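Right, one structure below, let's go through it.
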């Protein structure tokens, strides 16, 4: 009896589950019709993938709001293009003699996506909202220096700083937090750090359809002041897994894969090898450097640093580890950045010379080889890396093997990200990888890291005899309003750092894009955090 | 029987208490400082002053015992706090994502039962013949191959090459097919084998011999008598395997872009979003403890001999 009851129960359960499953499927079936490539209008729809939901699209906040959506909806006062600052929502600007007061002439024909006018008053309101939560934004050098914001009239906005700071304009070009939300998007108390009402911006796109964690559809902003986008729709599908993105692309559900970390080096190479798709690499966006901490007595010796620098085959390592998708770097900062185009003499791979330098420095190989010694101490060093980063890990292993050949024992330690940050902050490491930020953050962000402790660079340079001089030049370069003087000062700092071999350039990081041949006019953005969807066309 | 049920229900309480203690200790001894994790997720420069303020806000400067008692209190109120990342109440976000996971999990269970029962029975009927061997090989593969790999293979062949079904996403019934097959495959493998064994054992029982002697058709014996009893262990199995189904769902949701709870959990791990991780762990504990209990009770209901045996051994 019990068994038959149980069976009936089971049968009932099955029927219920099947019904619920089908019902769940059918109910959402109707909303699915608009998706992707099979659509009749697909010719003008660009479909791409993103690893997570685009988030609340708050222009003044960070994760979970995604740069992709923020850069599509909101715009800056000035924009960074090909190494230069060009007008965006501000059509022009002037700087006072003392370098403290910026006066922006606001473009008068700009409207938000709800049809309301973009005015100097709204510029002030937005920047004030950002300043209301200063602590969130102190990483951006300009924010703590803002003394006053004024809307002089509808089209004139004045920004006063407490001191002259040339990167202020570059800080205004970043994707967040200094971009502009329409009046109707503000919450009642005006505090955007707690959330916004709706994502109203002046940018070329508006969010027209949104399914949390599934997809977001953007259509052109009807009030956009600039050139209209060339496609009718951009569909961003949320696909968290990298392999799935590639399979989805191969099936034809995606037109474009673009975004940092969205595709693995292996997958890029594989798609490239099919010959069916367009694969593109950008110009260098940042440099992956190896920092040698001069506070370690062994590394305080220039000869040891130079020996390490020439004691490994950089080109082979970069080619091998990154499958040739990063490029061997000779400069600490990519030379295509402002003030960074300096002449350097590339370090040549020379084991003999490296051995000679270590001998000169007093580190002798014991008879029978092994690890070099000096005053009873072994030449042992530790390289710390973030264990989740496989590129760092492979490079660390290569360095370990290469340097063993010149009698250096390298211990490699993969650590949890939070530990990594803690140790970097406390300067508790011999060696560490350091990637520069890229445009529009560099060179000033790098220079700040060289001067200010806590970012994993300044402390490591402390034992350089000319550290005080370097700091002085950077501070001068940051404050001066004379572009030529700054070029000289930063150039000299970079040249000194290159000579001191305490920061060893390893590779230039590049962005990758893969798209179908019906996509045209794809151009990598100059600003690392922007997304080049505006000019893109679909055949 | 009532006493037995009561005892089993009460036994869940120490399990939950112990799990919450274990989780509390692990978070405290782990290298990740919740205050730092919060600041990193919220993109705030962690200077000492901000860090101290956050630690105070999270109560991390209180004695450990106070912290634990407070966390238990919140747990009882189902208050898992706010996600470090989105600043939204964790419970609200979870409730939003749970339906997708439940849909996937129930579809997989249904699929697993619908497929594994005929497979198991067929394997038993055709014992040691070709069909049995084929099913056995299939079961070995299903039980051994990692879930994500099956997912990629299905995507590659069914979606990309044959273009029969969508690669990923949620929406129509078609979207549900590949993820549920992926998640159900190992269950099918286990159940088919389990059912084969139990059917074969039951067929050796005396009542089957008598039924045959009475001239009852083989088919009737099999479906009316044997299967009814042989199915019982599957239900127990389901209770035990629900935990594995949950962990499998994390991977399947990630691979198939299924917007459920498992994917939310993965993102929480990446961002060290501790309140979400806590919520996930506690829910999993409850689901696993609860489903084991339900399975045991169902078993009891199907086969009252268990309770009787229990009493006999006690007495």
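The values are calculated or read from the model by the stated rules, or taken from the named source; none is laboratory data. The structure presented is a predicted model; accordingly, all values stated were derived computationally and were not measured. Heads up, the Cβs are rebuilt from the backbone with ideal geometry, glycines too, and the neighbour counts pull from every protein chain shown.
Worth a mention:
- Exactly one residue among B:92, B:81 is more than 10 Å from every other protein chain (Cβ to nearest Cβ), over 29 Å from residue A:419 (Cα atoms) and modelled with pLDDT of 80 or more, and that residue is B:92.
- Residue, farthest from the other protein chains (Cβ to nearest Cβ), within segment B:31-52, restricted to residues that are modelled with pLDDT under 75 and over 16 Å from residue A:62 (Cβ atoms): B:47
- Residue check for residue A:290: closer than 26 Å to residue A:332 by Cα and either crowded, with 22+ Cβ neighbours inside 10 Å or under 19 Å from the mean Cα position of the chain (by Cα) (or both): yes
- Residue A:420 vs. criteria crowded, with 18+ Cβ neighbours inside 10 Å, at pLDDT below 95, more than 14 Å from chain B (Cβ to nearest Cβ) and not in a loop (DSSP other than H, G, I, E, B): no
- Count of segment A:70-100 residues, restricted to those that are more than 14 Å from chain B (Cβ to nearest Cβ) and out of contact with any strand residue (DSSP E or B) (no Cβ under 7 Å at 6 or more places or on another chain), is 13.
- Wholly within segment A:136-237, strands (runs of 3 or more DSSP E) carrying at least 1 residues that are over 25 Å from the mean Cα position of the chain (by Cα) and over 23 Å from residue A:537 (Cβ atoms): A:146-153, A:156-161, A:205-211
- Members of segment A:243-274 found to be touching a residue at least 24 places away in the same chain (Cβ under 8 Å), in contact with a helix residue (DSSP H, G or I) (Cβ under 7 Å, 6 or more places away or on another chain) and more than 15 Å from residue A:513 (Cβ to Cβ), listed by number: A:243
- Residue within segment A:299-309 that is under 30 Å from residue A:265 (Cα atoms) and assigned to a loop (DSSP other than H, G, I, E, B) present: no
- Residue-level check: of (1) without any contact (Cβ under 8 Å) to a residue 60 or more places away in the chain; (2) within 14 Å of chain B (Cβ to nearest Cβ), residue A:217 misses just (1).
- Pair list, Cβ < 6 Å and 6+ apart or interchain, from segment A:181-194 residues that are under 16 Å from residue A:133 (Cα atoms) and within 14 Å of chain B (Cβ to nearest Cβ) to residues that are in a helix (DSSP H, G or I) and modelled with pLDDT of 95 or more: A:192/A:129
- If only residues of segment B:103-115 that are surrounded by fewer than 23 Cβ atoms within 10 Å (Cβ to Cβ) and more than 9 Å from every other protein chain (Cβ to nearest Cβ) are counted, the one that is farthest from residue B:132 (Cα to Cα) is B:111.
- Only residues that are within 12 Å of chain B (Cβ to nearest Cβ) and either closer than 19 Å to residue A:449 by Cα or part of a helix (DSSP H, G or I) (or both) were counted across segment A:125-135, and they come to 2.
- Any chance residue B:118 is in a helix (DSSP H, G or I) and within 14 Å of chain A (Cβ to nearest Cβ): yes
- Breaking point among (1) in a helix (DSSP H, G or I); (2) within 14 Å of chain A (Cβ to nearest Cβ); (3) modelled with pLDDT of 90 or more, for residue B:164: (1)
- Number of the condition not met by residue A:260 [criteria: (1) within 14 Å of chain B (Cβ to nearest Cβ); (2) more than 27 Å from residue A:402 (Cβ to Cβ)]: (1)
- Among (1) at pLDDT 80 or above; (2) buried (at least 16 other Cβ atoms within 10 Å of the Cβ); (3) under 13 Å from the mean Cα position of the chain (by Cα), the one test that residue B:247 misses: (2)
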